[in-house]
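In what follows, a structure is listed as structure tokens, so that the remarks can point back to it.
The values are calculated or read from the model by the stated rules, or taken from the named source; none is laboratory data. Fair warning: this is a prediction, and the values are worked out from it, not measured in the lab. Backbone-built Cβ (ideal geometry, glycine too); neighbour counts: all protein chains shown. All accessible areas refer to the heavy atoms of the entire protein, side chains included, with ligands and DNA or RNA removed. Shrake-Rupley method; radii C 1.70, N 1.55, O 1.52, S 1.80 Å.
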Amino acid sequence: MKLVVLDAYTLNPGDLSWQGIAQFGDLTCYDRTEPEQVLSRAKDAEILFTNKTIIDKNTLTLLPKLRYIGVLATGTNVVDLHAATNQGVVVTNVPAYGPDAVAQMVFAHILHHTQRIALHHEAVVDGVWSDCDDFCFILSPLQSLKDKTIGLMGYGAIGQRVANIALAFGMKVMVNTRSLLTDLPAGIEWSELEPLISTVDILSLHCPLTETTDKIIDSRALKQMRTSAILINTARGGLIDEAALKQALADGEIAAAGVDVLSTEPPEKTNPLLSAKNISISPHNSWATLEARRNLLNIASRNLECFLSEASKADGKFDNQVN
């Protein structure tokens, strides 16, 4: 059986083993696959894995041997699920493989702005501490997280991890979800969106990108935020109107922002946030700790093992099937 991974590098640049998948057949891994290369590389595959390489309807119709697509991520918008279903191709994804990793990145950005370590490190290296008359110096006010309020738009696995970390810091937590949540842990309260946005010291986005949430953080929402507030986005770049955020940062409507995602990835050099003030940008790698990537690969292997097992084929139930 021929198995192909179309874009292996971001998941496994060489520090993990593909053996969990390779045990099931003849595995070929490509670091990256351009759109025009998909057909030539996947034409004989029965099992196909993709992360961000698009498998659309036209491509599927030209892959008659294909039985299974494993998406090496949680989001499945890279595959035409309707076309796959019509062609009898099972599609799986990998949910909840690294909520701790993403939550950790949320606080990496928060602490970047509240502790200003990078700013002070650069000053120390430049000799400012050596020439200082005192035993310490402060270039920008440092902030305690204790008693600050963090607002979470979305309260799935990642949002819940963020809430737990926030509580450990002594923070207050407000959450907004599509439906009212009443049975929340102590220290966490549900809120309508507008009061949440206007109240919190830190706003962290953890909701999916849909027609409703596209650019939900626009100029109006930014004007509602406190001028001392910090905006964090580790969810989807499209949740933010990037031009509006750049302007809000320039005008001091909010204090700072930290983002791990942008509207287009890799970003165009003209992306407004690349030249914005008081922003920290990580290259969509909050998911990519060694532990989270290993977990993702293990789940993807188990998904395939389930698909190939006789018991699963008999009842037609497959782990993490999305179509």
Restricting attention to segment 90-100, the residues that are surrounded by 17 or more Cβ atoms within 10 Å (Cβ to Cβ) and within 16 Å of Ala300 (Cβ to Cβ) number exactly 7
Within segment 257-267, residues under 17 Å from Ile217 (Cα atoms) and either open to solvent by 10 Å² or more (accessible area, probe 1.4 Å) or hydroxyl-bearing (Ser, Thr, Tyr) (or both) come out as Leu262, Ser263, Thr264
Filtering segment 32-67 down to residues that are open to solvent by 80 Å² or more (accessible area, probe 1.4 Å) and in a loop (DSSP other than H, G, I, E, B) yields Arg32, Glu34, Lys43, Lys52, Ile54, Leu62, Pro64, Lys65
(message) Within segment 147-161, does at least one residue satisfy the condition of being aromatic (Phe, Trp, Tyr) and out of contact with any strand residue (DSSP E or B) (no Cβ under 7 Å at 6 or more places or on another chain)?
(response) no
Over segment 268-321, the set of residues in a loop (DSSP other than H, G, I, E, B), surrounded by fewer than 18 Cβ atoms within 10 Å (Cβ to Cβ) and either of a type in the set (D, E, K, R) or at negative phi (or both) is Glu268, Lys269, Thr270, Lys277, Ser282, Pro283, Asn285, Thr289, Ser309, Lys317, Asp319
Conditions (1) in contact (Cβ under 8 Å) with a residue 40 or more places away in the chain; (2) open to solvent by less than 40 Å² (accessible area, probe 1.4 Å); (3) under 23 Å from Val90 (Cα atoms) -> Ile230 fails only (3)
Within segment 91-113, residues being out of contact with any strand residue (DSSP E or B) (no Cβ under 6 Å at 6 or more places or on another chain), more than 17 Å from Ile281 (Cβ to Cβ) and not aliphatic (A, V, I, L, M) number 5
